[in-house]
Amino acid sequence: MRKTSPMLQKLKRFSTSLLPVDSNRRGECNRCGACCQLPFPCPFLRFDDQGLSSCAVYHLRPPSCRKYPRTASEHITQDQCGYYFEQSNSVAVAAPALDPAANR
């Protein structure tokens with residue numbers, strides 16, 4: 001299997017960040033900083049004395065930072081992250097079968 005370069009990963013993350021956030025996302029940022037190190041550490045990532053992360057350009061951060069994790073499939077830091085995704089409760093309903101005998 002070929003490994004994707006960090007710059008291609010970053011480009012993919014930026015381009016998908018223009019899409020909306022999944023409506024099943026719940027939780028909140030717990031300031032773990034794990035997402036700020038994808039695929040390599042952000043130069044604006046800072047840690048305080050308690051080990052909590054912050055962003056030096058928080059109000060100007062790009063969409064990829066604002067929206068992470070955007071979908072469950074993109075949520076690769078779920079062990080550390082305060083966000084999670086609920087399972088969708090939508091159930092597919094099958095169309096009623098046509099019974100040729102009923103039309104006689």
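The values are calculated or read from the model by the stated rules, or taken from the named source; none is laboratory data. Note that the coordinates shown come from a computational prediction; the quantities given were computed from them, not determined experimentally. Cβ coordinates were reconstructed from backbone atoms using ideal geometry, including for glycine residues, and neighbour counts include every protein chain displayed.
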Within segment 58-76, tally of residues that are surrounded by 12 or more Cβ atoms within 10 Å (Cβ to Cβ) and either over 15 Å from the mean Cα position of the chain (by Cα) or over 26 Å from S5 (Cα atoms) (or both): 1
In segment 7-20, the residues that are in contact (Cβ under 8 Å) with a residue 24 or more places away in the chain and in a helix (DSSP H, G or I): Q9, K10, R13, F14, T16
Residue in segment 21-30 that is surrounded by 12 or more Cβ atoms within 10 Å (Cβ to Cβ) and free of Cβ contacts under 8 Å to residues at least 12 places away in the same chain present: no
Selection status of R26, modelled with pLDDT under 95 and in contact with a strand residue (DSSP E or B) (Cβ under 8 Å, 6 or more places away or on another chain): no
Residue pairs meeting the criteria (Cβ under 6 Å; at least 6 apart or on separate chains; first more than 18 Å from S17 (Cβ to Cβ), in segment 37-64; second in a loop (DSSP other than H, G, I, E, B)): R46/A56; L52/R31; S53/R31; S53/G33; A56/F44
Members of segment 37-78 that are closer than 15 Å to R25 by Cα and part of a loop (DSSP other than H, G, I, E, B): Y68, P69, R70, T71, H75, I76, T77, Q78
Residue list for segment 1-51, restricted to those being of a type in the set (S, T, N, Q) and under 17 Å from P62 (Cα atoms): Q9, S15, T16, S17, Q37
